[in-house]
Each structure stands twice: as C-alpha cells, then as structure tokens.
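The values are calculated or read from the model by the stated rules, or taken from the named source; none is laboratory data. Quick caveat: nothing in here was measured; it's all calculated off a predicted structure. No Cβ is skipped: glycine too gets one built from the backbone with ideal geometry, and neighbour counts run over all protein chains shown.
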There are 2 protein chains.
Amino acid sequence: MRRVSDVGEFGLIGRIARLAGRAPGRDVVLGIGDDAAVLRVRPGEEVVVTTDAAFEGVHFRFGQETPRTAGRRAAVASLSDLAAMGARPLGLLLALAVPARLPLATALGFVRGVLLEARRAGAPLVGGNVTRGSEVSASLTALGAVPRGRALRRDRGRAGDRLFVTGALGRSAFERARGRVAHVGAPRLAAGRRLARLAGVGACIDVSDGLVADLGHLCRASRVAARIDPARVPRPAGLPEGRAAERFVLAGGEDHELLFSVRPRGPGAAELARRLGLPVAEIGRLEAGPPRVRGVPPGAGGWRHF
Amino acid sequence: MRRVSDVGEFGLIGRIARLAGRAPGRDVVLGIGDDAAVLRVRPGEEVVVTTDAAFEGVHFRFGQETPRTAGRRAAVASLSDLAAMGARPLGLLLALAVPARLPLATALGFVRGVLLEARRAGAPLVGGNVTRGSEVSASLTALGAVPRGRALRRDRGRAGDRLFVTGALGRSAFERARGRVAHVGAPRLAAGRRLARLAGVGACIDVSDGLVADLGHLCRASRVAARIDPARVPRPAGLPEGRAAERFVLAGGEDHELLFSVRPRGPGAAELARRLGLPVAEIGRLEAGPPRVRGVPPGAGGWRHF
C-alpha cells in the first residue's frame with residue numbers, strides 16, 4: 001500500500017492538482033500552482049470569504065464513513081457558508097494536513113469528495129496547501145461574490161420578523177445517532193442567491209450547529225429574541241413524529257438548510273418556496289428582548305467544541 | 001490557570017474578536033461574526049487568495065518560542081504569499097484548532113502574534129473559526145487585491161532573464177540551527193506591489209522553503225532552468241562567510257524575501273533597489289533547459305514535509 005510519504009509533499013500536491021484539473025471557471029485568472037490564486041469578480045460585486053477547519057475524530061471519522069464522504073462533508077460545510085451569505089461561489093482552497101503514514105488512497109479519497117461537491121457548486125479548487133499533521137485535518141476556504149450591499153447577514157433581524165427555514169431538519173443527526181453514515185446535506189446556494197435579491201428579507205444563517213444554536217447566533221447578532229414552535233419545524237422522511245425525535249430537529253446540525261427572517265409585510269412561506277425553488281416553512285418569529293430562543297425545551301443548544 | 005475549555009468555543013471566539021477590534025479597513029464591509037466576511041475590491045482589481053496551515057511541532061514549537069512569536073511567524077508566512085503576488089492585503093482569516101486543556105493565555109498569545117503582523121500589514125482579521133484539535137494548529141487565509149492582469153506569477157520567467165533577490169537570506173535558519181528563536185521575517189508587501197507595477201519583470205516567488213527549493217518551483221512553473229552563483233547571494237549580518245554557512249543561505253526558508261526575474265533589458269540591481277526601497281542583489285539567471293537549479297552543491301533542496 002502506498003503511503004503519503006511515498007510520494008512526498010509535492011507528489012501529493014501534483015496528484016491533487018491533476019484530480020482538480022484546470023480550473024474551468026471564467027472567474028479563475030490563476031489556479032493551483034502559484035503562491036496564491038487570482039480570481040475575478042464582476043463590477044459592482046463584493047468578495048465573500050469564509051474558512052473552516054475539519055478534523056478527523058471531531059468533524060468526521062474515517063472508521064464510520066469513507067474518506068470521500070468526509071471530504072464531501074467538509075466541502076459542503078464551507079460552501080454552505082457562502083449560501084448563507086447569498087453569494088455565488090468563485091472557488092475553494094484546501095489546506096490539507098496528513099500523517100506521513102496515511103494511505104495515499106485515503107488522502108486522495110478525501111480530496112475526491114471535496115472536488116465532487118466543489119464541481120456541483122461550480123466552485124473550482126484553485127489552491128491550498130499540504131502539510132504534515134499527527135491527524136488528518138482539512139481547512140477549507142470558500143470564496144464567493146455578491147452584488148454590493150446585498151449580502152445576507154445574521155445581524156439584520158428585527159423584532160416582528162417571521163422566521164422561515166428551507167427543507168427539513170434533523171436527518172444527519174438522526175442517521176448519525178442510529179450509527180449510520182450521516183446524510184451529507186447540500187449547500188443551498190441557488191436559494192441563498194435568490195433570497196439575497198428578495199425585498200423584505202431580514203437576517204439569514206445556515207443551520208450547521210443546530211437550529212436552536214444557530215438561531216441563537218442570529219439573535220445575538222441582531223440583538224433580538226426568537227420564539228419558535230418546534231412542531232412546525234419540518235422533519236425529513238424517516239424521522240419519527242413527537243418529542244422522541246425533537247432533539248434531532250432542534251439540535252442536529254449539518255443539514256445546511258437556510259434559516260432566515262422576513263419583515264411582516266414580506267412574502268409568506270408559499271411565495272418564498274416558489275421564489276427559492278425549495279420547501280419553506282414558517283417556524284416562529286423574532287421578538288424584542290435579550291437574545292435567546294423561546295419555546296424550546298432546555299438543553300436544545302446544539303454542538304459545542306469545548 | 002484558565003484553560004480554553006473554561007471559556008468554551010464561543011468564549012474564545014469572543015475574546016479573539018475583542019482583541020481584533022472592529023476591522024478598521026475601508027475595504028471591510030463585514031468582519032468577524034457572520035457566516036463569512038465581506039470585502040470590497042476597487043474597480044479593475046482582481047482578488048488574490050492563499051491559505052496555509054501551521055502546526056505546533058512542525059512549523060513552530062511552543063517549547064522554543066513564545067506563542068506570540070509562533071503566531072507572528074504564521075501570519076508572516078501567509079502575508080508573504082500576498083507580497084509574492086504583488087497584492088495589497090485586504091484581510092486575514094484564522095482557523096484555529098486547540099486542545100481543550102490548552103492554557104487560554106497560550107491560545108490568546110498566538111492570536112496576539114497574528115494580530116500584530118496583521119496590523120503591520122494593514123490586513124485586519126475579518127473572520128475564522130475555532131475548533132478542537134489534539135494539537136495546536138492554525139490555518140491562515142490571506143486575501144488581497146491586485147490591478148487586473150498585474151499579479152506577479154511564478155510562470156512568467158524566460159531563459160535569459162536575470163535573477164534578483166531582495167534583502168539577505170539565511171538568518172532564520174542560522175538562528176534556528178544555533179538553538180535561538182529564529183528571526184521572524186517581514187512580508188515584502190510594499191516591494192511586491194512596486195514590483196508588480198514595473199516593466200520588464202518576469203516571474204516572482206517568495207523565499208519560504210529555501211532559495212534553491214523556491215527557485216526550483218519557479219523553474220518548473222516557467223519551464224526553464226536557472227543558474228545561480230551562491231557567493232553572490234547576500235548574507236545577513238552575523239552569518240559567517242564561506243562554505244560553512246552556505247546551506248543556511250541556499251536552503252533556509254522563512255526569510256520571506258522576494259526572488260524574481262527581470263528581462264535582459266529591464267532594470268538592474270541598483271535601479272531595482274531604488275524602486276523597491278530595499279537592498280536587491282543579482283544572483284544568477286534563467287537558462288533554457290529542463291527545470292533545475294545549476295551552480296549549487298547537491299542537497300541544497302530545502303524543506304520538505306514528507
């Protein structure tokens with residue numbers, strides 16, 4: 001079995017570059033192979049950038065899922081942040097750390113997973129870095145563009161806004177709890193871009209830490225409280241009704257749906273669903289008060305790293 | 001002693017955000033605290049982006065240098081990639097992974113080091129991420145902007161170009177070999193931007209892996225050979241003359257000087273020094289042939305990760 005150490009740092013980079021191919025985007029001036037990538041934005045656009053780390057043993061487990069699935073999961077988490085800003089993707093950068101003894105196939109499997117989701121999103125891999133680490137980790141940077149002043153933000157919520165969520169919540173966490181390979185969500189990129197163009201939209205965030213946790217982030221940024229009705233949060237097929245599965249719905253992250261607020265006179269769920277091309281449900285509202293989420297059982301706070 | 005686990009993920013993020021302060025740049029539309037940062041570029045500019053990981057035990061050692069110095073080193077390495085592209089810095093993102101038991105002061109010391117170099121470079125910390133890892137690591141993403149079509153590149157060298165280097169090489173590696181805290185180089189940002197505006201400039205790279213290794217990267221990208229005269233490479237004060245210290249000059253990285261080529265009719269060392277505001281020395285030339293570096297002793301290849 002070939003190890004990463006058999007091909008070396010530049011051998012691995014060369015293989016990644018070949019898998020990535022020539023970055024096809026019209027927006028890529030210079031891709032993999034220089035000190036940095038160079039990307040083009042259109043006149044009147046602003047640049048959106050986010051970086052996230054994923055560690056084996058924390059964010060993914062090679063014992064429980066294939067390296068390819070782990071790579072997909074890391075890429076989706078990163079691209080989902082672009083979706084939550086309403087940005088169109090320009091490119092991805094991957095800083096990969098691997099032990100020297102790691103099977104080469106494992107490293108390349110992870111990269112293939114990243115590339116699969118990158119291609120789906122129209123975000124070519126334009127750069128990155130390979131280094132030695134005692135465990136496998138990947139830091140993904142996603143770059144996007146958004147029309148000036150139109151970025152969706154967490155801090156734009158107001159008391160009185162209604163709260164909506166796309167799709168359904170809890171599938172990944174439920175599958176994980178069942179010992180199955182958790183569903184890899186899809187970044188809601190098209191819906192995010194449409195949302196950024198709609199009048200009457202308030203704040204927006206993607207559900208990555210869990211509904212209650214992410215709504216908490218939105219409340220703190222917007223300096224408002226929120227009240228949701230857990231019974232109104234859409235559940236995916238296969239998730240039991242009732243309280244038993246409620247924690248997956250409220251605290252399970254990784255579904256990467258969009259959670260957003262709309263002004264009282266803005267569109268309702270039916271119109272939003274039509275505009276966004278996705279199921280949309282109204283699940284509560286923003287209220288005056290200190291930032292907290294009302295209407296949910298205690299302990300529905302979601303994932304914390306420490 | 002307080003540990004990272006005492007303040008938690010969001011406590012640590014809050015402390016980092018306070019240390020960073022409000023991102024002061026005119027280019028920052030939205031800094032720390034949302035799903036992504038939003039940055040402004042000027043009309044006619046392209047976006048430059050690079051990401052790099054630094055691991056405790058590989059890129060820095062807390063036993064040998066303070067967390068602050070380690071943070072400075074990581075930031076400088078990232079900003080130096082912008083310098084090598086001729087870009088002006090827009091902002092930095094930091095994805096930090098730390099063990100839960102790490103002293104809080106160590107984590108914040110590292111962040112302070114990053115912020116020190118970020119401020120010097122005029123690159124506000126605009127985002128990032130904190131996660132749990134079994135060792136301390138930091139992934140730094142640097143974002144910059146460059147006038148359209150003016151980015152300095154590794155692949156623009158031609159046979160016949162003369163080779164130049166800014167400053168002096170070998171100080172960091174020499175100090176490290178002596179068991180001292182290695183000098184933290186400075187990213188040559190102003191020089192890079194000036195170089196990007198000069199007529200007659202060919203390829204450019206920053207010296208981070210070592211002169212011979214980085215010149216090798218430049219040769220492969222430009223599909224040319226290079227010949228250098230080691231005796232002409234400037235040595236820093238304190239480095240002995242002669243062969244004994246040659247390996248520090250040829251293979252020592254981290255000095256973050258700029259290595260670039262200039263067409264035969266382009267400016268010479270004296271004019272380049274005046275234009276760039278730095279010492280500049282002519283050290284060799286690019287030649288036709290398969291990509292390799294001639295004129296150096298075998299084994300001067302520099303740092304490899306595997």
Review point. Just a yes or no: is a residue in the stretch A:202-224 facing chain B (nearest Cβ under 10 Å), in a loop (DSSP other than H, G, I, E, B) and in contact with a Gly (Cβ under 9 Å, 6 or more places away or on another chain)?
Key: yes
Revision key, fill the gap. Note on the stretch A:49-72: residues touching a residue at least 60 places away in the same chain (Cβ under 8 Å) and small (Gly, Ala, Ser) are A:ALA53, A:ALA54, A:GLY57, A:GLY71
Point to revise | Residue match in the stretch B:267-275 (condition: of a type in the set (D, E, K, R), over 21 Å from A:ASP35 (Cβ atoms) and assigned to a loop (DSSP other than H, G, I, E, B)) | key: no
Practice item. Give the stretch A:31-66 a look and list any residue that's hydrophobic (A, V, I, L, M, F, W, C) and more than 29 Å from A:LEU102 (Cβ to Cβ), or say none. Key: A:VAL38, A:LEU39, A:VAL41, A:VAL47, A:VAL48
Review point. Restricting the first residue to the stretch A:73-99 and requiring it to be within 14 Å of A:GLY144 (Cβ to Cβ), which pairs with a second residue that is in a loop (DSSP other than H, G, I, E, B) and among the hydroxyl-bearing types (Ser, Thr, Tyr) meet a Cβ separation below 9 Å and a spacing of at least six or different chains?
Key: A:SER80/A:SER208; A:ASP81/A:SER208; A:ALA84/A:SER208
Check your understanding: Of all the strands (runs of 3 or more DSSP E) wholly in the stretch A:102-172, which have at least 3 residues that are at pLDDT 95 or above and hydrophobic (A, V, I, L, M, F, W, C)?
Key -> A:137-147, A:162-166
Check your understanding: Would you pick out the residues in the stretch B:125-154 that are within 7 Å of another protein chain (Cβ to nearest Cβ), among the charged types (D, E, K, R) and within 21 Å of the chain's Cα centre (by Cα)?
Key -> B:ARG153, B:ARG154
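Being on the phi > 0 side of the Ramachandran plot and of a type in the set (Lys, Arg) is true for just one of A:ARG197, A:ARG162, A:ARG223. Which residue is that? Talk me through it step by step, then tell me what you get.
Numbers: A:ARG197 fails: on the phi > 0 side of the Ramachandran plot; A:ARG162 fails: on the phi > 0 side of the Ramachandran plot.
Criteria check complete, one pass: A:ARG223.
If I go through the stretch B:240-270 residue by residue, how many of them are on the phi < 0 side of the Ramachandran plot and in contact with a Leu (Cβ under 9 Å, 6 or more places away or on another chain)? Even if it seems obvious, please write down each step before you answer.
Restricting attention to the stretch B:240-270, the residues satisfying the condition of being on the phi < 0 side of the Ramachandran plot are B:240-241, B:243-253, B:255, B:257-270.
Still in the list and also in contact with a Leu (Cβ under 9 Å, 6 or more places away or on another chain): B:245, B:248-253, B:255, B:257-262, B:266-267.
Total meeting the criteria: 16.
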